[in-house]
Amino acid sequence: MPIVASIRLIPSRRPRSGRSEDGASRHPSSSCPNDPGMISTDISSSNHRPHPLPYLNRRTPPSIARALDPTITPNPLISSSIDFFPAFLIRNRSWVKRYRTLCLVSFLRNGFQLAAKICKLLFSHFKEINHAGAGGLWAELVSNRGFEAGGPNTPSNINPWSIIGNESFISVSTDRTSCFERNKVALRMEVFCDSKGSIVCPPNGVGIYNPGYWGMNIEQGKTYKVILHVRSSESVNISVSLTSSDGLQKLASTNRIAAASDVSNWTKMEFLLQSEGTNSNSRLQLTTNKKGVIWFDQVSVMPLDTYKGHGFRKELASMLEDLKPRYMRFPGGCFVEGEWLRNAFRWRATIGSWEERPGHFGDVWMYWTDDGLGYFEFLQLAEDLGAFPIWVINNGISHNDEVDTTDISPFVQEILNGIEFARGSPNSTWGSARAAMGHPEPFQLNYVAIGNEDCGKKFYQGNYLKFYCAIKATYPDINIISNCDGSSRQLDHRADLYDFHIYTSARNLFSMNTQFDHTSRTGPKVFVSEYAVTGSDAGTGSLLAALAEAGFLIGLERNSDVVQMASYAPLFVNANDRRWNPDAIVFNSWQQYGTPSYWVQHFFKESSGATLHPTTIQANASNSLVASAITWQSSVDNSEYLKIKIVNFGNDIVNLKISVAGLQNAVNSVGSTKTVLTSSNLMDENSFEEPNKVMPVQTSLPNAGAQMDVVISPYSVTSFDLSLAQEEYRSAI
């Protein structure tokens with residue numbers, strides 16, 4: 001039976017006063033010691049308490065009351081279905097600009113309270129998992145390009161490299177003769193056949209090939225840059241080819257003949273190959289029909305056409321760009337820690353020329369990364385996306401071992417050096433290393449997360465304080481993120497933000513749309529850096545999971561005065577190596593699609609920096625409905641919209657009456673739209689065969705207005721984007 005419900009946005013009166021908040025947690029035990037290299041900070045709390053706001057009454061929702069006056073103690077008996085702020089346009093741009101960094105701003109105009117400003121809310125979070133970077137976002141096509149996947153010792157693991165030709169023609173092994181000091185392993189290829197004589201090579205020669213990450217996607221008309229390093233005591237005749245997986249279809253090829261004197265020392269060879277065909281399961285071949293011994297090392301194939309020319313796979317980076325991310329958290333979660341510290345991510349080993357990066361084995365997700373996607377590249381990607389970077393650092397803790405706080409100083413100094421690499425002058429020690437990589441201007445690194453899910457570890461708090469104090473002493477403007485959850489009780493150490501991770505069932509996550517309604521409005525802000533529905537509800541990316549996540553996000557949006565940022569995780573999965581389900585973006589060598597969870601995030605991509613208008617639903621079964629409303633401005637044509645988002649997590653149709661006060665004659669039906677995400681089955685998923693099975697469908701909204709009767713489908717996310725006229729409108733009150 002259809003549910004009849006109403007949604008209202010009503011103006012409130014002018015407040016007498018307001019207050020701003022210090023984001024740092026204030027706790028006596030969290031102050032930094034007054035010793036060399038540390039900073040001593042006064043963390044005493046102010047005794048000032050503003051006058052209660054006169055318009056807050058028994059019908060004012062607790063979350064809004066506390067947002068406007070954090071001194072108010074919530075009354076658990078107060079209903080949340082009450083009157084709210086108006087959906088006014090914010091015309092005074094100087095206010096918006098002045099307060100753009102705050103998470104809650106009370107706007108006054110013509111004597112009335114207008115709305116609250118949403119701070120940076122979304123997203124994204126990159127985790128090196130599922131071959132998200134190596135064999136994914138990073139466009140390098142060669143896997144194990146330095147033959148180092150087995151570590152520094154020989155014989156080394158050369159997988160997935162393989163031999164072309166039988167053992168009577170060719171033999172390969174590894175030794176430590178490379179010219180690269182941090183990558184000493186090289187491949188030695190001995191060829192027994194020749195173009196003539198007693199042992200004649202096959203017509204196409206013998207050699208080695210690399211299939212990349214489950215096949216290289218080579219496309220007709222596109223150009224690929226091939227680099228290899230070669231050494232031999234004799235002249236060489238090497239054929240470099242891009243072919244089909246069986247070697248029968250030659251897509252692009254070139255030949256290099258070099259005298260012994262030219263290759264007696266390690267020599268770098270570069271080629272540009274333009275493909276004459278398309279094959280999504282291609283490979284690189286290095287072949288010869290000349291007898292002798294050739295050493296190879298550091299072999300690379302990169303498409304010239306990458307995202308903004310910086311080495312990222314264009315299709316995947318563009319899907320990320322479409323979400324309009326405001327931040328990029330990197331390089332991951334468990335990838336940062338490692339099962340053991342010896343396999344943790346080390347930023348310094350990932351900068352400089354790619355040939356000198358040693359790579360490392362990610363022992364949590366059990367695969368090798370060449371670290372072509374390193375610290376510098378993550379900073380560059382954030383900049384290219386117009387997002388700010390959030391660096392997750394290792395704090396001397398892995399899954400299985402920890403560094404005692406008394407011995408943590410070298411780790412702390414390493415991170416200070418890393419911050420200098422990102423932010424330092426091009427004349428500084430580490431800033432000059434960044435400049436040498438082609439980026440003399442500093443990156444805008446203003447957020448550092450100390451550890452990943454380490455709060456309960458033995459040495460976390462001691463180590464945390466060492467990092468916190470050292471970073472704040474040198475870079476007081478950097479925001480420090482703690483691993484410890486402060487949503488239900490005050491942190492016992494200083495922080496600017498704290499991490500909140502949640503992976504759970506669909507129904508539980510949906511019910512958590514009120515999770516932060518009663519969180520303290522003083523102290524550090526919330527960073528929901530990882531959330532998703534998992535388990536049987538999620539499959540590999542179901543509609544059910546996406547709906548629950550949408551409800552949860554609406555709760556975060558409503559509480560954007562305390563929840564500063566949120567990101568779905570994991571972001572990417574290579575379909576050939578699913579280490580975690582579900583994920584936002586699924587890809588293989590040549591295809592990609594967004595899961596329903598990815599498309600849900602599109603409903604919130606205008607939320608960052610928008611103006612929030614808290615919304616109430618009055619219905620008999622309102623526990624299955626959640627809603628929010630924002631006004632936002634298009635960056636394309638500066639048009640302004642009132643966006644009302646509604647999640648129906650129930651199996652009934654809802655006949656909804658939307659009533660917007662304070663916008664008389666301001667809604668324009670031309671340009672107004674309705675967007676719905678739903679499907680015939682809750683467990684429906686997208687796939688390579690049906691990439692658009694579950695995705696938002698947008699239609700025009702001819703009946704758009706301040707008063708609307710609409711129908712909300714069962715199990716759906718619906719967004720009404722109401723085009724607002726350009727004239728300035730005032731409250732009806």
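Bear in mind that the values in this text are calculations on the coordinates, not laboratory data. None of these values were measured; they are calculated from a predicted model. Virtual Cβ from ideal backbone geometry, glycine too; neighbours counted across all protein chains shown.
For this structure, a couple of remarks:
- Spatial offset of region 385-439 relative to region 354-382 amounts to 15 Å, using the alpha carbon center of each.
- Highest-first arrangement of 257-267, 234-244, where packing means the average Cβ count within 10 Å: 234-244, 257-267
- For Thr616, the residues whose modelled amide H falls within less than 5 Å of its own, excluding neighbours fewer than 5 places apart on the same chain, are Arg8.
- Part-to-part distance (alpha-carbon centres) for region 163-237 and region 256-275, which is given in Å: 12 Å
- Surrounding net charge for Thr278, when Lys and Arg each add one and Asp and Glu each subtract one, Cβ distance under 10 Å: -1
- By average C-beta atoms within 10 angstrom, highest first, the peptides 210-221, 583-594: 583-594, 210-221
- Neighbour net charge for Ala538 - beta-carbon separation under 13 angstrom, K R +1, D E -1: -3
- Relative protection proxy for 366-376, 705-715, from highest mean packing down: 366-376, 705-715 (other beta-carbon atoms within 10 angstrom).
- Note on Lys657: lysines with a C-alpha under 19 Å away, same-chain residues under 8 apart excluded, are Lys643, Lys645, Lys674.
- Annotation for region 294-341 versus region 567-625: alpha-carbon center distance of 21 Å.
- In summary, the lysines within cross-link reach of Lys222, defined as a Cα separation below 17 angstrom excluding same-chain residues under 8 places away, comprise Lys250, Lys308, Lys314.
- Among Lys324, Lys268, the order by Cβ neighbours within 10 angstrom, fewest to most, reads Lys268, Lys324.
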